[in-house]
Structure formats: C-alpha cells, structure tokens
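We did not get these values from a lab; they are worked out from the coordinates using the rules stated. Just so we're clear, the structure is a prediction, and the values are computed from it rather than from any experiment. Neighbour counts are summed over all protein chains in view; Cβ atoms, including those assigned to glycine, are modelled from backbone coordinates with ideal geometry.
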Amino acid sequence: MKIVTDIHLHSKWSRACSKELILTNIAKACERKGIQLVGTSDALHPAWRKEIGEQLSEVAPGTFQLKDGSSKTHFLLSTEVSCIYKKGDKTRRVHHLILFPTLKALDNFTKALERKGANLKSDGRPIIGIHSEELIKLALDTDQTTLFVPAHAWTPWYSIFGSKSGFDSIEECFGEMTKYIYAIETGLSSNPEMNWRLSQLDNLFLLSNSDAHSCENIGREANVFDMDSPSYKELYRIISEHDQTKFIETIEFFPEEGKYHVDGHAMCNFWCEPEQTKKLQGICPKCNRSLTVGVLSRVMELADRKTPAAQPPKGIPFRSIIPLQELIALVIGVGKTSKRARKIYDTLVRDGRSEFDVLLEMSLAELRMLVAEEFVLAIKAMRENSLQIKSGYDGIYGTIKPIIKIHNT
C-alpha cells in the first residue's frame, strides 16, 4: 500500500507561519493533497503539545489521529530545532528534524532541554545553544528509536552543509554519533540527483518534505513508502534499515524554484551560476558585497562525482511537480491564491481525487474530462520537464513555467 508522507512542516506557533496551521486544518489539507502520514510539527512548544494531547489519540505505536474521527489522516510526533553554537573557528547554525516514537519520549526530551535552559515557549522552532552531537545524544537517551534528520541540508544559513554556517561532512557535525544519522532532508533548492554527486551520502536516504509555513504548501515535497498502514514504527524501520524495497519514491519541488538554488544578491537584483561566482570571487559586481552562495555552488564544491547520468544503485527514484494551484495560476495568469485559481483547483480535487492523483497519476484523457485543454497540456509539460525556468537566489523564489504547445487543426 502506498503511504505518502510529509514529516516536516510547522504550526501556528512558529514565527512567520499561518494561523490556519491547526491540527484539523492540517488533516484536511493532507486529504486534499493525497498525504496519509504527516508530522505534527512544533511538538516541543508547550501550547502546541497541549493541543496534541487534547485533539489526537494514539491508534498505533507513535501514530495518531484526530479524536473526533473527522479525518483519516495519521500524525506522528515531529519538531524542528535550530541549533546555534560555536565549533572550531565558526558559528554553526544547523536545523534538525526530530521524530519521536512516543509521547513519553517527546516529554522526556522536552524536560532534558529545559534543564539545559532552553526556552521552548518563544517559537515553535526553538533556538537552542547545544551542539548537534549533544542534541542527538539527548534525543536517543529518551528512546533509541527516535529519528534524527538534518533538515533542508543545503540551505545557506541554517543547515548541515550550508555555505554560511555549516560543515563539509556529516562526521564533522556529529562525530561519533554519525552512525545514528540514517537520512538527510534535501530541501527545496536541491533534488536527489544533485545529492547523488556526493559519495558520502550513498548510505543515507534522501528525504523530501514541504517545510510548509501554510496549509497550501503542505505536500510541495513528500516521500512515498510501501506500508500496510501509516506507521511510525514501520517508517523508522524502513529508514534506519535502509530498506530500498519499501521506499518507493520522493516527490520533489523543481530545485530551481527554491529560493537558494543559485548564487546572488537580492538587494541588487543580481544572480549568477557557480562558474560566474568563481570569476567574480564571490563578490556582487553591483555593490562589491559578498554574494549569498546558493545550493548548486555548495553541492559542486563538496561533490566528488560528476553529475550522474542515471540513478545510482542505492538511489531512490523521484518525480518533480509544480503544486497544482500554482500551476493553474500560471496558465491563467493570476496569483496562485486567487479565487479563480482556487475554483479550478476545487473542480479537479474532489470526488475522491487528490492533488497528487491529478499531477502524477491520472491519464491525460481522464484530465480532459474535467478541465480545459490548456490545463491538461500544462500538466503534460510538467511531467515531461518541458519548462521555462528562472532560478531562485538569496531568498527569492525562482519561477517554473510549463511550455504549452497547442496544435491547431
């Protein structure tokens, strides 16, 4: 049975996140997207932890559903933590995704952080002055089946490989605890193919999640597993044992759309590819300040392989999408939150059809029975990577537009 998961998102308690991110709305959004297993997010925040206890009931070990039975969506206990600390001669800023097998493990980890002076009330994604190696030790001390994943691994400012404050290897970050890192999250600005260029990642799974700050963005990236039913226990087993037979694929954002894909300087409206960055010696030609080095440059810096011609033996397949409402908006030339785009979206996502069904699974003939030809051709172009692309840089999202070819007869 295919189980689609998105295990990294946020709640209304995180800064710069929608107040609509409550458990009932998250569950409803997952049903429309086609997601069966989702992270609670922000589980360390005391107010959100209270809501989790009040609104969710455990239906399998580490797996929860809404107590009122209003949704089939399953939840697991998850949080993102921001670690800021000194190591070597640099200040490190690294974000981590942590998934807990039980409420007891979550609560014991919370107490351990509070004993070390962590302020968990200030933000759903708390900032903690603890080394990554120490943090994973604390997490595993609460339960050995706690899952610890470096988040959005290439983001320049806050990630394990980030150009501004990260490391050059997983071992440099985690030391003797590296053996407990079973996966990394690739983030929106990279895809598996880019990560396959690093042999140090060969024995790790590459996870893709939305890191959503609104319900609309849930599922913009996701993972697809083969499970009998949504299950934290089985998810942990698949990832920790590197069971390739049960990891079907990841669903990816086109990395060029990510807001840190290439290098640039947003204030000067300037961006460039890695080769030009080298010629410029990392300096913006408009203001003579440092460029923000993006994900593509950083991958090339650490890569020990040329771009792979095909999926490596241990790699998991992936497919890339443009989120459906965004795709519709591009076709009709309106904002992606417009009422007109939403109306067409609602026409497609109904009667048991999910967004992933529409984008990835339905035949073109089936789609033609629901919407105008221009939308069908846009989905076809997306599936075939027939796209007009402008890459994102220095916090500015890129744009991906399907090339629609209408044949007149």
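Its relative contact order, with pairs defined as Cα atoms under 8 Å and 6+ residues apart, puts the chain at 16 percent.
Restricting the calculation to Cα atoms, segment 170-284 shows an Rg/Rh of 1.05 when the hydrodynamic-style radius is the Kirkwood one.
Per residue of the chain, the DSSP helices (runs of n ≥ 4 H) give a summed -39500 (n - 2.57) that works out to -7500 deg cm²/dmol at 222 nm. Quick check of the Kirkwood formula: for the chain, what is the inverse mean of 1/r over all pairs of different Cα atoms, in Å? Hydrodynamic radius (Kirkwood, Cα pairs) of the chain is 21.9 Å.
Using a cutoff of 8 angstrom between alpha carbon atoms and counting only pairs six or more residues apart, the relative contact order for segment 322-402 works out to 24 percent.
Taken about its Cα centre, segment 2-257 carries a charge dipole of roughly 860 debye when the Cβ of each Lys and Arg holds +1 and the Cβ of each Asp and Glu holds -1. Taking the Cα centre of segment 322-402 as reference, the dipole from Cβ charges on Lys and Arg (+1) and Asp and Glu (-1) amounts to some 300 debye. For segment 5-15, putting each phi into the Karplus relation 6.51 cos²θ - 1.76 cosθ + 1.60 with θ = phi - 60° gives couplings of 10, 9, 10, 9, 8, 10, 10, 5, 8, 8, 4 Hz, in residue order, rounded to whole numbers and with x for Gly and Pro.
Hull volume per residue, based on the alpha-carbon atoms of segment 221-270 and their convex hull, is 116 Å³. With the highest mean first, a sort of the peptides 8-15, 331-338, 126-133 on other beta-carbon atoms found within 10 angstrom per residue produces 8-15, 126-133, 331-338.
Excluding residues on the same chain fewer than 8 positions from Lys233, give the lysines whose Cα lies under 17 Å from its Cα. Straight-distance partners of Lys233: Lys2, Lys104, Lys246.
Which whole-number percent gives the relative contact order of segment 268-409, counting Cα pairs below 8 Å spaced six or more residues apart?
Once normalised by length, the contact order is 17 percent.
Per-residue Karplus couplings for segment 380-391, computed as 6.51 cos²θ - 1.76 cosθ + 1.60 with θ equal to phi - 60°, are listed in order as 4, 4, 4, 4, 9, 6, 8, 9, 9, 10, 10, 6 Hz, Gly and Pro entered as x. If both residues of a DSSP beta bridge must be in segment 2-257, then about 70% of such bridges are antiparallel.
Taking other C-beta atoms within 10 angstrom as a stand-in for reagent exposure, Glu252, Glu185 fall in the order Glu252, Glu185, fewest first.
In units of 2.2 N^0.38 Å, what is the alpha-carbon radius of gyration of segment 322-402?
Normalised by 2.2 N^0.38 Å, the Cα Rg of segment 322-402 equals 1.09.
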